[in-house]
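Read the structure below first, then the notes.
The values are calculated or read from the model by the stated rules, or taken from the named source; none is laboratory data. Please read all numbers here as calculations on a predicted model, not as lab measurements. Every residue, glycine among them, receives a Cβ derived from its backbone with ideal geometry; neighbour counts consider all protein chains shown. These area figures cover heavy atoms from the full protein model, side chains too; ligands, DNA and RNA do not enter into them. Shrake-Rupley method; radii C 1.70, N 1.55, O 1.52, S 1.80 Å.
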Amino acid sequence: MDFKQQVVFVTGASRGLGLALARAARERGAKVYAGVRLTGDFREPGIVPVQLDVRDDDSVRRAAAACPDVTMVVNNAGTARLSQGALDPDVSALTNELMDTNYHGLVRVSQAFAPTLARNGGGAIVNVLSDATWFGVTFLAAYAATKSAAWSYTNTLRVSLRGQGTRVVALHVGPMDTDLTREFDVPKSDPAQVAATTLDAVAAGAEEVLADAGTQALRAGLGAPDAVFLRGGY
Ligand SMILES: NC(=O)c1ccc[n+]([C@@H]2O[C@H](COP(=O)([O-])OP(=O)(O)OC[C@H]3O[C@@H](n4cnc5c(N)ncnc54)[C@H](OP(=O)(O)O)[C@@H]3O)[C@@H](O)[C@H]2O)c1
């Protein structure tokens, strides 16, 4: 895949990994739309801001209608809240709150853009998941559940869109140095590096991207007798 031929729509592109992905796609010659909640605040040369709140059906529909030339969608918009393990009395309410963005938002955007991708030859959808998809983290109980759900949908979406020639890519990535992890005292990778690794893998035809060494080790150990989901992480 040559990015010079691609029209890429990145959700949640105002900052963090989304902005890094949008910049990386632009640097490779793609036309890039940045799905952002506040278009007035977005100033990035060569990237077109489009209003998008992934929790809002109308906003998602308007964004898809405004960008009929898209060939690649990156479902990056996401949010996290700290929780205190499985018995936290707020964990259910928190999970519902995060689901609206991390799961339902990804579903809304995928459904809204799928016909566009079909019309434009198939293209690709890249879903930003997490290493927390695969194991329990006490302080991320709610967030991890949303990412596991998003992984499940990603796998169904891959099968559902195969007939129209759309490749569905799962990006698994561990902690990165962004606003989302400001309160986490863990080693973090550079989102610009993750963006470059991701676009390289997508260009090479991958359906799954394991963006860092920690995630690669996790994935390789999923079938082991002491797999990480039996132990927990971080
Ligand atoms: N950071 C990590 O360690 C890490 C690890 C694994 C996976 N991830 C995933 O990577 C993705 C990006 O996270 P990040 O670390 O870059 O976080 P971030 O710096 O907090 O950025 C989150 C982005 O999502 C946008 N967003 C949130 N809710 C939205 C909504 N309802 N509609 C549209 N945009 C919305 C934010 O927009 P505003 O500026 O308007 O708030 C912002 O652009 C997320 O899916 C996250 O779960 C992150």
| Do we have S130 as open to solvent by 10 Å² or more (accessible area, probe 1.4 Å) and of a type outside the set (K, R) here? | no
| request: Give the residue, chosen from G105, G78, G35, that is part of a helix (DSSP H, G or I), touching a residue at least 12 places away in the same chain (Cβ under 8 Å), within 14 Å of the chain's Cα centre (by Cα) and within 9 Å of the ligand (Cβ to nearest atom). | output: G105
| Residues R23, R62: which one is farther than 29 Å from F184 by Cα and of a type in the set (K, R)? | R62
| query | Do we have any residue at all in the stretch 191-214 that's polar (S, T, N, Q) and either in contact with a Ser or Thr (Cβ under 7 Å, 6 or more places away or on another chain) or over 23 Å from G105 (Cβ atoms) (or both)? | reply | yes
| Scope the stretch 154-193; condition open to solvent by less than 40 Å² (accessible area, probe 1.4 Å) and of a type in the set (S, T, Y); matching residues | T154, T166, T178, T181, S189
| remark: Condition set more than 25 Å from V159 (Cα to Cα) and charged (D, E, K, R), scope the stretch 54-113, selection surrounded by the fewest Cβ atoms within 10 Å (Cβ to Cβ): answer is D58
| query | Quick one: is T95 assigned to a helix (DSSP H, G or I) and either in contact with a helix residue (DSSP H, G or I) (Cβ under 7 Å, 6 or more places away or on another chain) or within 14 Å of the ligand (Cβ to nearest atom) (or both)? | reply | yes
| request: Output the residues belonging to the stretch 191-209 that are hydrophobic (A, V, I, L, M, F, W, C) and within 14 Å of P175 (Cβ to Cβ). | output: V194
| said: Going by what's in this entry, would P49 be described as over 29 Å from V137 (Cβ atoms), in a loop (DSSP other than H, G, I, E, B) and modelled with pLDDT of 95 or more? | reply: no
| note | Of T166, T197, the only residue that is of a type in the set (S, T, Y) and either in contact (Cβ under 8 Å) with a residue 60 or more places away in the chain or under 14 Å from N127 (Cβ atoms) (or both) is T166
| note | If we keep only residues of the stretch 3-23 that are in a helix (DSSP H, G or I) and within 13 Å of the ligand (Cβ to nearest atom), then the residue most open to solvent (accessible area, probe 1.4 Å) is R23
